[in-house]
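Right, one structure below, let's go through it.
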Amino acid sequence: MEFVFLAYPSPPELQVLFFLGVSLVYILIIGGNVFIVVAIHTEARLHTAMYYFLGSLSGIELCYTAVVVPHILTNVLQSEKTITLLGCATQMIFFIGLGSADCFLLAAMAYDRYVAICSPLQYPLTVTLTLCVHLVVASVVIGLFLSIQLVAFIFSLPFCRARTIEHFFCDVPPVMRLVCTNSHIHERAVLVAATLAIAMPFFFIATSYAFIVAAVLKIHSAAGRHRAFSTCSSHLSVVLLQYGCCAFMYLRPNSSYYPKQDQFISLVYTLGTPLLNPLIYTLRNREMKGTLGRVLARNCLSQNN
């Protein structure tokens with residue numbers, strides 16, 4: 001009862017390059033996201049709702065990549081790149097669940113920006129720490145709940161005898177290709193789950209930004225409009241990157257699955273998005289850049305002493 005992965009390169013030279021490349025990106029992902037979590041925890045001026053959400057997003061992405069990337073690195077070094085049926089189901093539950101939590105959390109961050117810009121006087125009373133904690137916990141719980149329901153349904157279906165997965169890990173589209181049934185019910189189930197986890201949060205984000213844009217355009221000073229838009233630009237960049245890849249992978253019929261193309265896209269949202277998020281939030285955010293400078297300065301002083 002094992003699945004065999006077929007996407008890994010066969011020549012030893014390519015395996016070494018693949019291993020080194022993924023390892024380097026994973027180290028940068030860990031370093032960037034851990035920096036954000038530590039900076040938000042240690043800097044008093046970052047103890048606000050927006051940065052609490054950002055720290056939670058980095059924490060979720062550390063767990064999200066840890067579900068898949070170490071297993072990919074282990075498989076590269078092994079001759080038989082396999083995973084048990086139970087291991088595949090477990091990996092898929094946490095990968096889809098934490099990925100969905102990512103999407104819900106980005107929607108919560110859009111609500112935070114909406115209240116901050118459209119109702120600034122009510123912001124301290126509306127977006128409290130208690131509300132932030134509840135939204136983060138709800139994002140994770142709902143994401144895992146949807147994932148468990150979807151994975152339980154998928155693994156209750158009959159699989160074909162040839163259990164080879166044209167992918168690097170157990171993702172929904174390549175595993176669904178192994179289902180031996182002509183019924184389209186399973187495709188609809190995946191589409192419903194993807195709609196709940198991807199389309200609905202994105203619709204909420206789009207609606208929030210429609211109100212934000214309308215409010216910003218009413219600001220008379222150009223400096224005020226620029227300041228308001230700059231607080232949203234980092235979040236909007238991450239949203240477009242995350243939802244673009246997820247929508248392409250999951251909001252489409254199984255018949256349009258192309259292994260080589262989708263393997264590349266999966267690496268983008270598995271490695272690229274968690275790598276770019278810290279860079280986007282650090283480089284496009286004045287307070288995070290200031291925090292980075294202070295942290296580096298403290299480290300230099302401590303080493304000199």
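The values are calculated or read from the model by the stated rules, or taken from the named source; none is laboratory data. Note that this is a predicted model, so its numbers are computed, not measured. Please note: Cβ atoms are built from the backbone with ideal geometry, for glycine as well, and neighbour counts cover all protein chains shown. We work out accessible area using only protein heavy atoms, side chains counted, and drop any ligands, DNA or RNA first. Shrake-Rupley method; radii C 1.70, N 1.55, O 1.52, S 1.80 Å.
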Summing -39500 (n - 2.57) over every DSSP H run of at least 4 in the chain, dividing by its residue total and rounding to the nearest 500, the 222 nm mean residue ellipticity is -25000 deg cm²/dmol
Under a point spin-label approximation (7 Å from Cα along Cα-to-Cβ), what is the residue 152-residue 6 distance to one decimal in nm?
3.2
The chain: angle of helix 185-194 to the longest principal axis, Cα-based, in degrees nearest 10:
20
Among 200, 52, 67 the positive-end extreme of the charge dipole of the range 2-303 (Cβ point charges)
52
Can you tell me the orientation of helix 200-217 relative to the chain, as the angle in degrees between its alpha-carbon axis and the longest Cα principal axis, to the nearest 10?
20
Would you mind checking which residues have amide H under 5 Å from residue 165's amide H? H placed 1.01 Å from N; only 5 or more apart, or other chain.
4, 5, 6
Length gained when the stretch residue 15-residue 206 is fully extended (0.36 nm per residue, less Cα-Cα span)
64.6 nm
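Residue 118 to residue 47: FRET efficiency via 1/(1 + (r/R0)^6), r the Cβ-Cβ distance, R0 30 Å, to the nearest 0.05? All intermediate terms of the calculation are to be shown ahead of the outcome.
Working: r = 23 Å, r/R0 = 0.76.
With a Förster radius of 30 Å, E is 0.85.
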Solvent-accessible area, 1.4 Å probe, carbon plus sulfur percent, for the chain:
70
Label model pair residue 129, residue 34: point-to-point distance (7 angstrom along the Cα→beta-carbon line) in nm is 2.6
Cut-off 19 Å, label 7 Å out along Cα→Cβ of residue 215, residues of the range 36-74 by amide N:
48-54
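Charges at C-beta only: +1 for Lys and Arg, -1 for Asp and Glu. How large is the resulting dipole of the range 2-303 about its Cα centre, in Debye rounded to 20? The partial results should precede the final answer.
On the way: 17 positive and 12 negative charges, 159 e Å.
Result for the range 2-303 is approximately 760 debye, rounded to the nearest 20.
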Which of 119, 263, 246 sits closest to the plus end of the dipole of the chain, meaning its Cα is farthest towards the positive end, when Lys and Arg get +1 and Asp and Glu get -1 on the C-beta?
119
Anyone know which of 56, 156, 119 comes out most mobile in the 10 Å Cα GNM of the chain?
156
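Once the Cβ-Cβ distance between residue 73 and residue 164 is put in as r, and R0 is 25 Å, what FRET efficiency do you end up with, to the nearest 0.05? Let's see the in-between values first.
Values: r = 21 Å, r/R0 = 0.82.
The calculated FRET efficiency here is 0.75.
Just the number, please: Stokes-Einstein D of the chain in µm²/s, Kirkwood Rh from C-alpha pairs, 10 °C, 1.306 mPa s.
Values: Rh = 20.8 Å.
Stokes-Einstein gives a translational diffusion coefficient of 76 µm²/s.
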Taking only protein heavy atoms into account and a 1.4 Å probe, give the accessible area per residue of the range 2-303 in Å².
49
